[in-house]
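Asker: Input: one structure, supplied below.
Each reported figure results from applying straightforward, stated rules to the coordinates on display, with no laboratory input. It should be emphasised that the depicted structure is a prediction, and the values quoted were computed from it without experimental measurement. Counting neighbours? That spans all protein chains shown, and the Cβs are built from the backbone with ideal geometry, glycine included.
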């Protein structure tokens, strides 16, 4: 089986060397054996594992969630339902974040519309609302 140095592994996956080391420290990939000259040498199947991690991260899964997915992937008793349920939970989490961001955007739009952008800073309704936690010109 071919073995890869950390640099070659990182390049094949499209991540930095420090990312590979970070994933090792987080337990997402196993520490590789070392050569006599103390170089890390990774088995080629780590490319697949790292690509899995990279794709899952791009889809919004946290490192802990990815660790769970990797564990389930190799659990002989796991089912498709286990993965689907985690995916549905992630969708629910993303929907909550979208709603939170929409609420924040609306509040910021109200704040921005309350200010004409002219005059002294001490009369800024945006700063006043941030300091007092209220916006007399804003209904949210």
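Asker: Divide by every residue of the chain the summed helix terms, -39500 (n - 2.57) for each DSSP H run of at least 4, and state the resulting mean residue ellipticity at 222 nm, rounded to the nearest 500 deg cm²/dmol.
Answerer: Taking each H run of at least 4 residues, the total per residue is -19500 deg cm²/dmol.
Asker: Treating the Cα atoms of the chain as identical point scatterers in vacuum, please give the log10 of the normalised Debye intensity I(q)/I(0) at q = 0.14, 0.17, 0.22 Å⁻¹, two decimals.
Answerer: -0.77, -0.93, -1.27
Asker: What list do you get for 116, 30 if you sort them by fewest beta carbons within 10 Å?
Answerer: 116, 30
Asker: For the pair residue 64/residue 11, report the inter-label distance in nm, with labels modelled 7 Å from Cα in the Cβ direction.
Answerer: 3.7
Asker: Between residue 75 and residue 35, what FRET efficiency comes out of the Förster formula 1/(1 + (r/R0)^6) with R0 = 41 Å and r the beta carbon distance, rounded to 0.05?
Answerer: 0.80
Asker: Would you mind ranking 111, 9, 130 by Cβ crowding within 10 Å, fewest neighbours first?
Answerer: Working: 111 19, 9 23, 130 12.
The fewest-first ordering by Cβ neighbours comes to 130, 111, 9.
Asker: Just subtract the alpha-carbon distance of residue 116 and residue 25 from 0.36 nm times their residue separation and send over the number in nm, one decimal.
Answerer: Full extension from residue 116 to residue 25 adds 27.7 nm.
Asker: Could you work out the pair-distance distribution P(r) of the range 1-78 from its alpha-carbon pairs, with 5 angstrom bin width and percents rounded to whole numbers?
Answerer: Going out from 0 Å in 5 Å bins, the range 1-78 shows 3, 15, 27, 25, 17, 9, 4, 1, 0 percent.
Asker: Arrange the following residues from fewest to most other Cβ atoms within 10 Å of their Cβ: 39, 23.
Answerer: Lowest to highest Cβ neighbour count: 39, 23.
Asker: Over all distinct alpha-carbon pairs, what is the Kirkwood Rh of the range 79-140 in angstrom?
Answerer: Hydrodynamic radius (Kirkwood, Cα pairs) of the range 79-140 is 14.2 Å.
Asker: Return the FRET efficiency for the residue pair residue 99, residue 45: r is the Cβ-Cβ distance, R0 is 30 Å, and the value is rounded to the nearest 0.05.
Answerer: On the way: r = 40 Å, r/R0 = 1.33.
FRET efficiency, residue 99 to residue 45: 0.15.
Asker: Please find the FRET efficiency linking residue 82 to residue 107, where r is the Cβ-Cβ separation and R0 is fixed at 41 Å, and quote it to the nearest 0.05.
Answerer: Calculated transfer efficiency: 0.60.
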